[in-house]
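> Below are the structure tokens for one structure; questions will follow.
The values are calculated or read from the model by the stated rules, or taken from the named source; none is laboratory data. These numbers were taken from a predicted model, which means no experiment stands behind them. No Cβ is skipped: glycine too gets one built from the backbone with ideal geometry, and neighbour counts run over all protein chains shown.
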Amino acid sequence: MISYSRQTPEQQPDGSSPSTEDHIAPAPRVSVQAFCETVETAAAVQSAGEDRRLGKAHLKIQMGGMAAAIEAYRSAPTPNVIILETEGRNDILLGLDQLATVCDAGTRVIVIGKINDVTLYRELVRRGVSDYVIAPVTAIDVVRSVCNLFSAPEAKAVGRIIAVVGAKGGVGSSTVAHNVAWAIARDLALDSVVADLDLAFGTAGLDYNQDPPQGIADAVFSPDRVDTAFMDRLLSKCTDHLSLLAAPATLDRVYDFGADAFDSIFDTLRTTMPCIVLDVPHQWSGWTKRALIAADDILIVAAPDLANLRNTKNLFDLLKASRPNDRAPLYCLNQVGIPKRPEIPASEFAKAIESQPIASIPFEPQMFGSAANNGQMIAEISANHRTTEMFLQIAQRLTGRGETKKPKGSFLSPLIDKLRAKN
């Protein structure tokens with residue numbers, strides 16, 4: 001489907017981050033060649049090539065615009081995608097006609113031009129142009145244009161990956177991840193899967209009262225078998241909308257992985273699940289860093305002390321630098337209000353991080369302890385507790401969705417329920 005791209009109000013000329021709701025599916029492993037006429041556009045394309053969503057694409061940039069493209073493909077095969085910058089109306093149409101004589105079938109063309117005119121757009125459509133983007137462009141414009149070429153409107157939406165990580169060990173990031181995933185599945189009615197990435201010591205199986213014979217280890221140690229059917233067999237059903245990819249939590253082997261060990265697992269889950277919550281262990285390795293940077297949204301869980309503040313700040317700075325076209329990570333404070341423990345106030349945390357926490361979860365040892373020992377979620381222990389509401393609010397912020405409205409009963413509903421119970 002050919003689209004006509006314009007800059008929306010969220011896309012600022014200074015290249016600022018897109019809006020919260022701007023979810024762009026990653027591009028597959030494709031070749032992209034850009035032929036630019038201005039250094040500004042070349043810089044934007046170069047920046048786009050460093051975006052996580054084009055991480056699998058092979059991008060090459062040349063100057064010279066349309067003329068350089070025509071000359072280049074006289075003796076070389078064309079890539080999957082060609083990006084062409086041009087400044088004049090006649091140059092575009094004449095150049096595209098010449099390019100068609102040397103362009104391979106199946107190659108998709110994105111044109112960047114300065115003329116905002118529907119007649120020109122129709123002429124471009126007739127010539128098979130996939131997208132027309134109005135200059136000046138930012139990196140996120142280029143990312144969106146390329147990625148949208150491979151997201152067919154009729155195809156199932158690509159799943160959103162949410163990574164939850166602790167700023168320090170023992171801060172309860174797994175508990176937060178599991179309860180937030182529960183809220184996403186139960187209250188927002190969004191099909192979700194929790195992937196427990198702490199293969200040696202993961203607690204998702206215990207928290208959801210599940211003991212599946214298979215899980216994520218079977219996939220990561222058999223990468224050649226990973227496909228949709230294989231992943232479906234490994235999932236353990238927790239509720240109608242929530243599934244679990246459990247960790248073995250055994251020490252009979254070591255779990256040393258390469259940086260891309262989980263890529264095929266995440267890619268496969270994206271094709272079948274609208275929401276994937278990654279329970280990322282507190283460790284720093286190639287694959288944990290890659291999982292965080294590649295996620296669509298990130299939640300850092302921190303306790304209100306100095307070490308957590310330092311680590312949260314370090315994570316924030318690294319992730320913001322590595323993901324310039326994404327919104328900044330979110331963070332919440334957990335275990336707030338432990339008696340007699342000196343704590344850093346949320347306002348001081350916010351001043352250092354330059355961002356407000358999305359929640360401050362109180363220290364409730366009896367409730368959390370009972371939930372953990374019984375294999376239950378906080379919502380099951382106390383549905384109306386303020387912490388249950390906090391997990392729902394976090395789920396809404398991470399997914400960009402509002403709460404699913406439940407039908408209101410009449411004022412006679414309680415009486416009718418009692419009468420039914422007696423029958």
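> Between I265, I276, I293, which is among the aliphatic types (A, V, I, L, M) and within 23 Å of L188 (Cα to Cα)? Show your work before the answer.
Values: I265 fails: within 23 Å of L188 (Cα to Cα); I293 fails: within 23 Å of L188 (Cα to Cα).
Exactly one of I265, I276, I293 is among the aliphatic types (A, V, I, L, M) and within 23 Å of L188 (Cα to Cα), namely I276.
> Taking the conditions exactly as written (of a type in the set (F, W, Y) and at pLDDT 95 or above), does Y132 satisfy them or not? Quick ask: steps written out before the conclusion?
Numbers: of a type in the set (F, W, Y): yes; at pLDDT 95 or above: no.
Judged against the criteria, Y132 is not a match.
> While we're here: Could you check, for segment 250-260, whether at least one of its residues is part of a helix (DSSP H, G or I), surrounded by fewer than 20 Cβ atoms within 10 Å (Cβ to Cβ), of a type outside the set (S, T, Y) and within 23 Å of the chain's Cα centre (by Cα)? It would help to see each step written out before you state the result.
Applying the first criterion (part of a helix (DSSP H, G or I)) to segment 250-260 yields none.
Checked against the condition, which is being part of a helix (DSSP H, G or I), surrounded by fewer than 20 Cβ atoms within 10 Å (Cβ to Cβ), of a type outside the set (S, T, Y) and within 23 Å of the chain's Cα centre (by Cα), segment 250-260 yields no hits at all.
> While we're on this one: Tally the residues that are assigned to a loop (DSSP other than H, G, I, E, B) and surrounded by 14 or more Cβ atoms within 10 Å (Cβ to Cβ), restricting the search to segment 52-72. I'd like the intermediate steps shown before the answer.
Of segment 52-72, the ones assigned to a loop (DSSP other than H, G, I, E, B) are 55-57, 64.
So of that shortlist, the ones also surrounded by 14 or more Cβ atoms within 10 Å (Cβ to Cβ) come out as 55, 57, 64.
Qualifying residue count for the region: 3.
> Considering each of I293, I300 in turn, give the residue that is out of contact with any Phe, Trp or Tyr (no Cβ under 7 Å at 6 or more places or on another chain) and closer than 28 Å to L242 by Cβ.
Working: I300 fails: out of contact with any Phe, Trp or Tyr (no Cβ under 7 Å at 6 or more places or on another chain).
The unique qualifying residue is I293.
> Right, here's the next one. Is at least one residue of segment 305-317 closer than 21 Å to G166 by Cβ, small (G, A, S) and within 28 Å of the chain's Cα centre (by Cα)?
To start, the set of residues in segment 305-317 that are closer than 21 Å to G166 by Cβ comprises 305-317.
Still in the list and also small (G, A, S): 307.
Now narrow it down to the ones that are within 28 Å of the chain's Cα centre (by Cα): 307.
Yes, segment 305-317 contains at least one residue that is closer than 21 Å to G166 by Cβ, small (G, A, S) and within 28 Å of the chain's Cα centre (by Cα).
> Restricting to segment 61-102, give me the number of residues that are out of contact with any Gly (no Cβ under 9 Å at 6 or more places or on another chain) and either of a type in the set (K, R) or within 20 Å of E123 (Cα to Cα) (or both).
So the answer is 12.
> Just one of the numbered conditions (1) in a strand (DSSP E or B); (2) hydrophobic (A, V, I, L, M, F, W, C); (3) at pLDDT below 90 is not true of A105; which one?
Unmet condition: (1).
> Please work out which residue is nearest to K320 (Cα to Cα), limiting yourself to segment 344-361 and to residues that are surrounded by fewer than 16 Cβ atoms within 10 Å (Cβ to Cβ) and of a type outside the set (A, V, I, L, M, F, W, C).
This residue is E354.
Results for (1) at pLDDT 95 or above; (2) outside the structural domain of A48 (by TED's automatic domain parsing); (3) out of contact with any strand residue (DSSP E or B) (no Cβ under 6 Å at 6 or more places or on another chain); (4) under 30 Å from G159 (Cβ atoms), shown as yes or no for each residue.
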position: I298; (1), (2), (3), (4): yes, yes, no, yes
position: A328; (1), (2), (3), (4): no, yes, yes, yes
position: E343; (1), (2), (3), (4): yes, yes, yes, no
position: K351; (1), (2), (3), (4): yes, yes, yes, no
position: G375; (1), (2), (3), (4): yes, yes, yes, yes
position: A379; (1), (2), (3), (4): yes, yes, yes, yes
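> Now a separate question. Would you mention how many residues in segment 83-115 are more than 32 Å from the chain's Cα centre (by Cα) and farther than 21 Å from G64 by Cα?
1
> Do you know which residues across segment 232-268 are more than 17 Å from Q210 (Cα to Cα) and either among the basic types (K, R) or in contact with a strand residue (DSSP E or B) (Cβ under 9 Å, 6 or more places away or on another chain) (or both)?
Just the residues of segment 232-268 that are more than 17 Å from Q210 (Cα to Cα), to begin with: 251-268.
The answer is R253, F262, I265, F266.
> In segment 82-102, which residues are crowded, with 19+ Cβ neighbours inside 10 Å and either within 16 Å of S145 (Cα to Cα) or at pLDDT below 85 (or both)?
Quick first cut of segment 82-102, residues crowded, with 19+ Cβ neighbours inside 10 Å only: 82-86, 92, 95-96, 99.
Result: I82, I83, L84, E85, I92, G95.
> Of the conditions (1) aliphatic (A, V, I, L, M); (2) without any contact (Cβ under 8 Å) to a residue 12 or more places away in the chain; (3) more than 26 Å from R53 (Cα to Cα), L309 satisfies every one except a single condition; which number is it?
(2)
> Can you find a residue that is farther than 22 Å from C238 by Cβ and either in the same structural domain as A294 (by TED's automatic domain parsing) or assigned to a loop (DSSP other than H, G, I, E, B) (or both) anywhere in segment 205-212? Spell out the reasoning first.
First, pick out the residues of segment 205-212 that are farther than 22 Å from C238 by Cβ: none.
The answer is no, given that none of the residues of segment 205-212 is farther than 22 Å from C238 by Cβ and either in the same structural domain as A294 (by TED's automatic domain parsing) or assigned to a loop (DSSP other than H, G, I, E, B) (or both).
> Right, here's the next one. Taking segment 132-182 as the region of interest, how many residues are touching a helix residue (DSSP H, G or I) at 6+ places or on another chain (Cβ under 8 Å), of a type in the set (A, V, I, L, M, F, W, C), over 30 Å from L306 (Cβ atoms) and not in a loop (DSSP other than H, G, I, E, B)?
9
> Further question on the same structure: Sort out which residues of segment 365-399 are of a type in the set (A, V, I, L, M) and within 19 Å of I184 (Cβ to Cβ), and write them in order of number. Before you say what the answer is, go through the steps one by one.
Residues of segment 365-399 that are of a type in the set (A, V, I, L, M), as a first pass: 367, 371-372, 377-379, 381, 383, 390, 392, 394-395, 398.
Passing the criteria: A371, M377, I378, A379, I381, A383, M390, L392, I394, A395, L398.
Residue by residue, here is whether (1) modelled with pLDDT under 55; (2) among the aliphatic types (A, V, I, L, M) holds:
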{"site": "S370", "(1), (2)": "no, no"}
{"site": "S382", "(1), (2)": "no, no"}
{"site": "T388", "(1), (2)": "no, no"}
{"site": "Q396", "(1), (2)": "no, no"}
{"site": "T404", "(1), (2)": "yes, no"}
{"site": "P407", "(1), (2)": "yes, no"}
{"site": "S413", "(1), (2)": "yes, no"}
{"site": "I416", "(1), (2)": "yes, yes"}
{"site": "A421", "(1), (2)": "yes, yes"}
